[in-house]
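Novice: Structure below; questions to follow.
The values are calculated or read from the model by the stated rules, or taken from the named source; none is laboratory data. Being a predicted model, the structure only gives us computed values, none of them experimental. Here the Cβ is made from the backbone with ideal geometry for all residues, glycine too, and neighbour counts use every protein chain on show.
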Amino acid sequence: MELLEFARGPALTFAITVFIAGVVFRIVSLFLLWRTSDSSAGSARERPVIVAAIREIIRRLWPQSAYKQRTMFMLINGYVFHIGLAIIVFFLLPHIVFIKDLVGLSWPSLPNNVIYAVSIITLVSLIAALVMRMSNPAQRIISTFDDWFSWLVTFLPVITGVIATSHLGARYETLLGLHILSVALLLVYLPFGKLMHWFLVFVTRSQTGAHLSHRGAQL
Amino acid sequence: MNDKKTLGEMLTERGVSRRTFLKYASYTASIMALPPTAATAIAQGIANARRQSVIWLSFQECTGCTESITRAHTPSIEDLIFDFISLDYHHTLQNASGHAAEEARMQAMQENAGKYIVVVDGSVPLKDDGVYSTIAGITNLQMLEETVKDAYAVIAVGSCATFGGIPGANPNPTGAVPITDIVTDKPVINISGCPPIPEAMTGTISYLLSFGSIPELDHLNRPKAFFGEAIHDRCYRRPFYERGMFAKSFDDEGARQGWCLFEVGCKGPVTYNACATLKWNGGTSFPIQSGHGCLGCSEPGFWDLGGFYKPLSTAKGDPLKWAGGAAVAGAAVGAASAIMARSKRNRILKEGK
């Protein structure tokens with residue numbers, strides 16, 4: 001019980017504080033950086049910045065035909081665990097209740113068994129992502145600590161959540177405490193690594209789209 | 001009463017039929033999840049036992065535990081339990097008062113040295129030399145130490161005696177501690193709850209009498225027979241939890257339909273007690289059945305778990321208390337780092353010229 005109390009209390013407060021400070025820091029520091037004015041004449045094919053940005057966001061939702069075969073599995077797997085994570089985080093009642101308590105918003109939940117099934121699919125998908133990273137030599141070589149650790153802090157809340165829900169190995173309060181601590185770890189690390197794509201994914205894609213459009217890349 | 005007789009002989013004299021007695025033994029065996037053969041062992045054990053001397057000490061408590069034990073529901077269980085044991089000292093139930101009461105305690109301790117059981121309800125204040133609760137001119141701590149010295153075993157009943165309870169809740173002005181903090185050289189059985197289920201108390205005492213040993217305990221010294229399973233795992237509303245059907249308030253349609261009370265703060269998933277199986281008041285009902293979530297009263301520190309009506313999955317306290325400061329600090333550091341990067345760039349550009 002002490003572990004659960006620590007997790008629900010000081011650990012979560014600390015994690016949320018670091019998370020907010022870190023995310024604001026990353027966003028402010030990024031947007032206040034200088035942008036070199038590009039005085040080169042744009043390509044004839046250059047589109048308005050907004051259009052280029054939106055086109056790039058949409059374009060990257062699906063693999064290009066040239067890479068289709070090589071990237072299809074990774075892309076589908078990516079969708080599986082991203083959607084799986086979203087369903088788990090936003091549609092399990094204890095999670096909705098947590099968010100409601102925090103910010104006052106709430107919405108209907110899905111039955112536990114549905115979430116349970118989604119969690120298992122997500123776990124398999126996350127493990128597949130790890131196996132792919134480890135088995136592909138090129139990918140393994142370019143992988144940094146950030147890649148491995150980001151995977152770990154994403155995987156831990158899911159696995160501890162599933163174990164807690166199924167009451168495996170220890171008492172529920174201990175498992176729930178470990179689950180909340182794993183979420184705290186995720187929140188603390190999130191702003192400082194690649195997981196910041198939670199907030200920046202469309203920002204970076206917009207920037208790339210605008211840049212490529214200026215150069216006249218035919219996409 | 002002649003204490004030389006066995007309990008069996010005494011019960012026969014009092015007109016308690018063998019059938020009634022065996023029913024009680026079977027009931028006790030079943031609620032403690034003992035094998036069916038244990039019923040005979042309990043019957044024989046109790047029949048051949050002498051009356052057990054029990055000294056009941058009440059410290060910082062509300063007498064709820066005594067109220068609870070006197071409502072043990074099996075027919076005549078109350079008579080039986082008071083026949084099985086010789087309750088030599090108990091503020092609420094004894095006739096004697098003042099010096100006579102204290103003498104009864106001393107006498108029981110002398111006559112049954114090494115054999116008597118001490119039951120304690122209430123926590124013990126330690127702050128300021130324990131002045132916040134005294135009985136017969138001595139502090140609770142002195143009385144406890146003096147009484148348990150020659151005891152066979154100690155049973156702490158109620159959440160105050162087992163975990164500090166409400167007197168020990170934040171900010172704990174009297175420095176209240178549970179019995180296990182003080183009694184370290186004797187077996188202490190904890191029967192927590194606010195109050196504990198009467199059968200958990202009488203069942204444990206019956207077990208001690210029948211087998212002459214202490215029942216299997218969990219990591220908090222509680223008999224596993226009564227505290228082995230979470231309320232949530234035995235709750236009749238559990239299927240609604242699995243289906244995602246939750247009462248949103250105490251008077252909505254879900255509440256009327258008997259849906260799960262998790263969202264209105266039920267602590268059933270982390271509370272270990274027999275409420276959902278034994279129930280209360282003669283098996284009539286238990287808090288969740290009557291429409292209120294479990295408070296978690298048999299768990300340590302239940303008073304300070306962050307609010308009875310806050311769902312278990314919410315953060316304790318206000319996790320956003322530093323959110324504003326964090327955002328400002330993050331923005332300030334972010335702006336500073338951007339400014340530094342800009343000035344560094346400008347310096348390089350200038351030097352480049």
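Novice: Conditions: (1) within 14 Å of chain A (Cβ to nearest Cβ); (2) under 25 Å from B:Thr40 (Cα atoms). B:Leu220 meets all but one. Number of the miss?
Specialist: Failed condition: (2).
Novice: For segment B:245-290, how many residues are farther than 18 Å from A:Leu92 by Cβ and assigned to a helix (DSSP H, G or I)?
Specialist: The number of residues fulfilling the criteria is 7.
Novice: Is it the case that segment A:186-199 has a residue that's outside any loop (DSSP other than H, G, I, E, B), touching an Asp or Glu at 6+ places or on another chain (Cβ under 9 Å) and within 14 Å of another protein chain (Cβ to nearest Cβ)?
Specialist: Looking for residues that are outside any loop (DSSP other than H, G, I, E, B), touching an Asp or Glu at 6+ places or on another chain (Cβ under 9 Å) and within 14 Å of another protein chain (Cβ to nearest Cβ), one finds at least one in segment A:186-199, hence yes.
Novice: Something else about it: Within segment A:1-101, which helices (runs of 4 or more DSSP H) (wholly inside it) include 3 or more residues that are among the aromatic types (Phe, Trp, Tyr) and free of Cβ contacts under 8 Å to residues at least 60 places away in the same chain?
Specialist: Counting at least 3 such residues, we get A:68-91.
Novice: Filter segment B:237-270 for residues that are more than 9 Å from chain A (Cβ to nearest Cβ) and closer than 25 Å to B:Ser159 by Cα and give the result.
Specialist: Listed by number, the residues that qualify are B:Leu261, B:Val264, B:Gly265, B:Cys266, B:Lys267, B:Gly268.
Novice: Does B:Ala230 satisfy the condition of being within 30 Å of B:Leu87 (Cα to Cα), touching a Gly at 6+ places or on another chain (Cβ under 8 Å) and among the aliphatic types (A, V, I, L, M)?
Specialist: Considered against the rule, which asks whether it is within 30 Å of B:Leu87 (Cα to Cα), touching a Gly at 6+ places or on another chain (Cβ under 8 Å) and among the aliphatic types (A, V, I, L, M), B:Ala230 comes out as no.
Novice: OK, next. Which residue pairs have Cβ atoms under 6 Å apart, sit 6 or more places apart or on different chains, and have a first residue in segment B:18-40 that is touching a residue at least 24 places away in the same chain (Cβ under 8 Å) and a second that is part of a helix (DSSP H, G or I) and of a type in the set (Phe, Trp, Tyr)?
Specialist: none
Novice: Show me the helices (runs of 4 or more DSSP H) found entirely inside segment B:115-233 where at least 1 residues are within 25 Å of B:Ala29 (Cβ to Cβ).
Specialist: Those helices (runs of 4 or more DSSP H) span B:158-163, B:198-211, B:224-227.
Novice: From the list B:Val131, B:Val148, B:Val177, B:Val124, exactly one residue is of a type in the set (A, V, I, L, M, F, W, C) and closer than 24 Å to B:Ser210 by Cα. Which is it?
Specialist: Exactly one residue qualifies, and that residue is B:Val148.
Novice: Restricting segment B:321-340 to residues that are more than 14 Å from A:Arg26 (Cα to Cα) and surrounded by fewer than 16 Cβ atoms within 10 Å (Cβ to Cβ), which is nearest to the chain's Cα centre (by Cα)?
Specialist: B:Lys321
Novice: Same structure, new question: Can you pull out the residues in segment B:202-222 that are crowded, with 23+ Cβ neighbours inside 10 Å and modelled with pLDDT of 90 or more?
Specialist: Hit for segment B:202-222 is B:Arg222, nothing else.
Novice: For residues in segment B:91-115 being farther than 15 Å from B:Val148 by Cα and in contact with a Leu (Cβ under 9 Å, 6 or more places away or on another chain), which is surrounded by the fewest Cβ atoms within 10 Å (Cβ to Cβ)?
Specialist: Per the stated criteria, the residue is B:Leu93.
Novice: So A:Pro137 clears everything in (1) more than 14 Å from chain B (Cβ to nearest Cβ); (2) over 21 Å from the mean Cα position of the chain (by Cα); (3) surrounded by 14 or more Cβ atoms within 10 Å (Cβ to Cβ) except one condition, right? Which one?
Specialist: Here A:Pro137 meets the rest and fails (3).
Novice: Restricting segment A:108-125 to residues that are of a type in the set (S, T, N, Q) and under 14 Å from A:Ala86 (Cα atoms), which is farthest from the other protein chains (Cβ to nearest Cβ)?
Specialist: A:Ser125
Novice: Let me ask you something else. Taking only segment A:1-41 into account, find how many residues are under 30 Å from A:Ala210 (Cβ atoms) and either crowded, with 16+ Cβ neighbours inside 10 Å or facing chain B (nearest Cβ under 7 Å) (or both).
Specialist: 15
Novice: When you check B:Ala33 against the structure, is it assigned by TED's automatic domain parsing to the domain that holds B:Ala153, farther than 22 Å from B:Asp88 by Cβ, assigned to a helix (DSSP H, G or I) and among the hydrophobic types (A, V, I, L, M, F, W, C), yes or no?
Specialist: no
Novice: Testing B:Gly307 on (1) at the interface with chain A (Cβ under 7 Å from one of its Cβ atoms); (2) closer than 25 Å to A:Ala164 by Cα; (3) surrounded by fewer than 17 Cβ atoms within 10 Å (Cβ to Cβ), one condition comes back false. Which one is that?
Specialist: Unmet for B:Gly307, out of (1) at the interface with chain A (Cβ under 7 Å from one of its Cβ atoms); (2) closer than 25 Å to A:Ala164 by Cα; (3) surrounded by fewer than 17 Cβ atoms within 10 Å (Cβ to Cβ): (1).
Novice: For residues that are more than 27 Å from B:Phe84 (Cβ to Cβ) and crowded, with 24+ Cβ neighbours inside 10 Å, tally how many sit in segment B:169-201.
Specialist: Residues meeting the conditions: 1.
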